[in-house]
Protein chains: 2
Amino acid sequence: MSTSGKTAYHHGDLRAALLSAAMEMLEGGEPFSLRAVARRAGVSPTAPYRHFKDRDALESALAAEGFRDLLDGLGGGRGLPASLPDLAEFAVAYVAFALRRPALFRVMFGKPCDGADDERVKAADALHQLLADALDRVFPDADAEALASAGWGLAHGLACLYLDGKLRAASDEEVAGRVRGAFLALVSVGA
Amino acid sequence: MSTSGKTAYHHGDLRAALLSAAMEMLEGGEPFSLRAVARRAGVSPTAPYRHFKDRDALESALAAEGFRDLLDGLGGGRGLPASLPDLAEFAVAYVAFALRRPALFRVMFGKPCDGADDERVKAADALHQLLADALDRVFPDADAEALASAGWGLAHGLACLYLDGKLRAASDEEVAGRVRGAFLALVSVGA
DNA sequence: ATACTGTGTTAGCACTGCAAACATAACGCA
DNA sequence: TGCGTTATGTTTGCAGTGCTAACACAGTAT
């Protein structure tokens with residue numbers, strides 16, 4: 001490492017350094033590439049290949065980190081949805097996360113994500129399961145699976161549409177209000 | 001052109017040829033690049049720049065075509081949603097489109113889409129407006145704007161999640177069933 | 001001590017988007 | 001008819017990318 005005066009041919013914890021460099025670039029708006037990440041970490045252009053098979057593997061690791069943060073943000077702050085209004089706030093928080101960390105959100109979702117062993121798949125399943133569990137407790141008679149998909153779908157769809165500029169709002173507050181409104185409009189239309 | 005025996009230094013309708021070549025490649029699963037598209041159209045690597053400012057411009061044109069097809073598919077086939085079940089079928093059709101033409105769908109939505117003059121923005125607005133109009137007729141008392149956003153959001157979110165493998169189903173029929181189920185579960189939970 | 005293994009480096013390939021300078025053909029107008 | 005102008009395509013070239021292969025260095029185990 002650099003903190004000691006040692007030769008530092010071996011970095012010490014390159015993998016972590018690469019991940020944080022990549023995350024910084026991603027969130028900083030710079031288009032991130034393996035080579036650029038390597039530059040930022042101060043190593044040779046191909047050093048990352050010792051730690052990540054692929055560009056995809058790096059992305060996958062970033063995405064996994066994103067899922068952890070998302071789960072923390074959703075579960076941690078306000079407790080799991082326990083009522084209809086809670087569900088609405090869940091959607092609001094989900095969309096807020098997407099708008100606060102747009103590039104990360106895109107990395108988390110933007111691509112096929114095929115491999116069964118993909119970290120992302122497990123993380124996504126965890127989110128879905130968490131939602132389904134919570135909903136099952138709140139609405140025991142309903143089809144929790146279907147409801148969880150719907151809730152996730154609605155939140156995710158609105159997040160994407162606002163993120164891509166397909167839906168527009170002036171401020172984050174307005175987005176929150178619109179998301180809440182959309183959710184409530186939909187659940188109350190069947191009454 | 002090539003159909004006549006002429007010299008064919010000028011292609012005749014390169015722009016259209018490039019677009020259809022690009023669409024074929026996109027739908028064919030090949031990662032599409034300006035150069036590859038040019039190759040496929042049988043012209044020099046940089047010829048496309050005469051017709052598209054950017055790689056983005058080509059993508060934008062493809063996306064616009066995609067939006068037209070999507071609108072046709074939604075509006076044309078079954079008439080606009082006129083009832084709650086219709087809305088569900090609308091969502092089903094939306095997701096089906098995404099799964100049938102995944103790469104196109106990603107191009108249509110996958111990126112910021114900033115420019116105010118972007119064809120995509122207008123196309124997306126048209127979709128939103130169409131939905132809002134239809135819903136306003138069906139549910140005059142409801143907030144049509146909010147409802148349209150919710151409907152679009154739900155359909156779009158489910159489309160993304162199935163497309164990315166975050167939600168999974170064995171067959172297209174199962175997807176359709178689950179989308180319907182999710183929609184109905186959500187609107188009936190508020191009853 | 002010696003081999004081995006893990007980690008980093010250099011060199012090089014095929015590809016990409018894009019800009020500049022050039023070539024060719026069509027069209028407008030005398 | 002002939003001559004410029006303009007639209008369209010070509011060649012050349014640059015910087016950047018992902019990735020592989022061959023090499024260099026350092027710590028560990030035998």
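The values are calculated or read from the model by the stated rules, or taken from the named source; none is laboratory data. In this text, all values refer to a predicted model and were calculated from it rather than measured experimentally. Backbone-built Cβ (ideal geometry, glycine too); neighbour counts: all protein chains shown.
Within the stretch A:3-16, identify whether any single residue is buried (at least 19 other Cβ atoms within 10 Å of the Cβ), modelled with pLDDT of 85 or more and out of contact with any His (no Cβ under 7 Å at 6 or more places or on another chain), and answer yes or no. No, the stretch A:3-16 has no match at all.
Consider only pairs whose beta carbons are under 6 Å apart and that are at least six residues apart or on different chains; among these, list those whose first residue lies in the stretch B:84-103 and is more than 23 Å from residue B:142 (Cα to Cα) and assigned by TED's automatic domain parsing to the domain that holds residue B:164 and whose second residue is part of a helix (DSSP H, G or I) and of a type in the set (Phe, Trp, Tyr). Here the result reads B:98/B:105, each pair linking the stretch B:84-103 to a residue that is part of a helix (DSSP H, G or I) and of a type in the set (Phe, Trp, Tyr). Among the residues of the stretch A:31-40, at least one is more than 17 Å from the chain's Cα centre (by Cα), on the phi < 0 side of the Ramachandran plot, more than 9 Å from DNA strand D (Cβ to nearest atom) and more than 14 Å from chain B (Cβ to nearest Cβ). Of the residues in the stretch B:21-32, none is surrounded by 15 or more Cβ atoms within 10 Å (Cβ to Cβ), free of Cβ contacts under 8 Å to residues at least 24 places away in the same chain and in the same structural domain as residue B:129 (by TED's automatic domain parsing). Here residue A:48 passes the criteria (1) over 15 Å from the mean Cα position of the chain (by Cα); (2) surrounded by 14 or more Cβ atoms within 10 Å (Cβ to Cβ); (3) away from DNA strand C (no atom under 16 Å from the Cβ) except the one numbered (3). Among all residues of the stretch A:28-38, there is at least one that is at pLDDT 95 or above, outside any helix (DSSP H, G or I) and within 14 Å of DNA strand C (Cβ to nearest atom). Look at (1) of a type in the set (Gly, Ala, Ser); (2) surrounded by fewer than 20 Cβ atoms within 10 Å (Cβ to Cβ); (3) more than 16 Å from DNA strand D (Cβ to nearest atom) and you find that residue A:66 fails only one, number (2).
In a helix (DSSP H, G or I), more than 16 Å from DNA strand C (Cβ to nearest atom) and surrounded by fewer than 17 Cβ atoms within 10 Å (Cβ to Cβ): does that describe residue B:71? Spell out how you get there, then give the answer.
Numbers: in a helix (DSSP H, G or I): yes; more than 16 Å from DNA strand C (Cβ to nearest atom): yes; surrounded by fewer than 17 Cβ atoms within 10 Å (Cβ to Cβ): yes.
When the stated conditions are applied, residue B:71 passes them.
Counting only helices (runs of 4 or more DSSP H) that sit wholly inside the stretch A:76-191, those with at least 3 residues that are over 30 Å from residue B:29 (Cβ atoms) and at the interface with chain B (Cβ under 7 Å from one of its Cβ atoms) are A:144-163, A:172-188.
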